[in-house]
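Asker: Below you'll find the structure I mean.
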Amino acid sequence: MFPAEHDRVTYRDGREDLHRGRIEEVRDPGPHAVYRIRNERTNELQIITQEQIEGEPEPPGA
């Protein structure tokens, strides 16, 4: 299952730790998708790819 807008995900961004955030935008949905994510801890916007997402997305409200 591919994450959709507003899903919460755990992802890697090149730093050592895993991060959590909410997807604000999905471009090119599918296996080569690019996501704009708002980091929950720092509130920064990050652009990541499908390969950087760890595990299954959590639906909104989870």
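The values are calculated or read from the model by the stated rules, or taken from the named source; none is laboratory data. Only a predicted model underlies this, so the values are computations on that prediction, with no experimental measurement involved. FYI the Cβ positions are ideal-geometry reconstructions off the backbone, even for glycines, and counts take in every protein chain you see. Please note that ligands, DNA and RNA were not included when accessible areas were found on the heavy atoms of the full protein model with its side chains. Shrake-Rupley method; radii C 1.70, N 1.55, O 1.52, S 1.80 Å.
Asker: Skip the ligands, DNA and RNA, and give the accessible area per residue of the chain with a 1.4 Å probe, whole Å². Display every interim value, and only then the final one.
Answerer: Working: 4050 Å² over 62 residues.
Heavy-atom SASA per residue in the chain reads 65 Å².
Asker: Find, among the trypsin sites (Lys or Arg not before Pro) in the chain, those assigned to loop by DSSP (not H, G, I, E, B) with at most 14 other beta-carbon atoms within 10 angstrom.
Answerer: Numbers: sites: ARG8, ARG12, ARG15, ARG20, ARG22, ARG27, ARG36, ARG38, ARG41; in loops: ARG12, ARG15, ARG41.
Those satisfying the criteria are ARG12, ARG15, ARG41.
Asker: Candidates (1) 12.0; (2) 11.3; (3) 12.6; which is the computed Kirkwood radius over Cα pairs in Å?
Answerer: Computed from the coordinates, Kirkwood radius over Cα pairs in Å corresponds to (2).
Asker: Tell me which GluC sites (Glu not before Pro) from the chain have a DSSP coil assignment and no more than 16 other beta carbons within 10 Å of their own.
Answerer: Values: sites: GLU5, GLU16, GLU24, GLU25, GLU40, GLU44, GLU51, GLU54; in loops: GLU5, GLU16, GLU40, GLU44.
Of the GluC sites (Glu not before Pro), the ones in loops of the chain whose Cβ has at most 16 other Cβ atoms within 10 Å are GLU5, GLU16, GLU40, GLU44.
Asker: Could I ask something else about it? For the chain, what % of the accessible area comes from carbon and sulfur atoms, probe 1.4 Å? Intermediate values should be presented prior to the final figure.
Answerer: Values: 2020 of 4050 Å².
For the chain, the apolar C and S fraction of the accessible surface comes to 50 percent.
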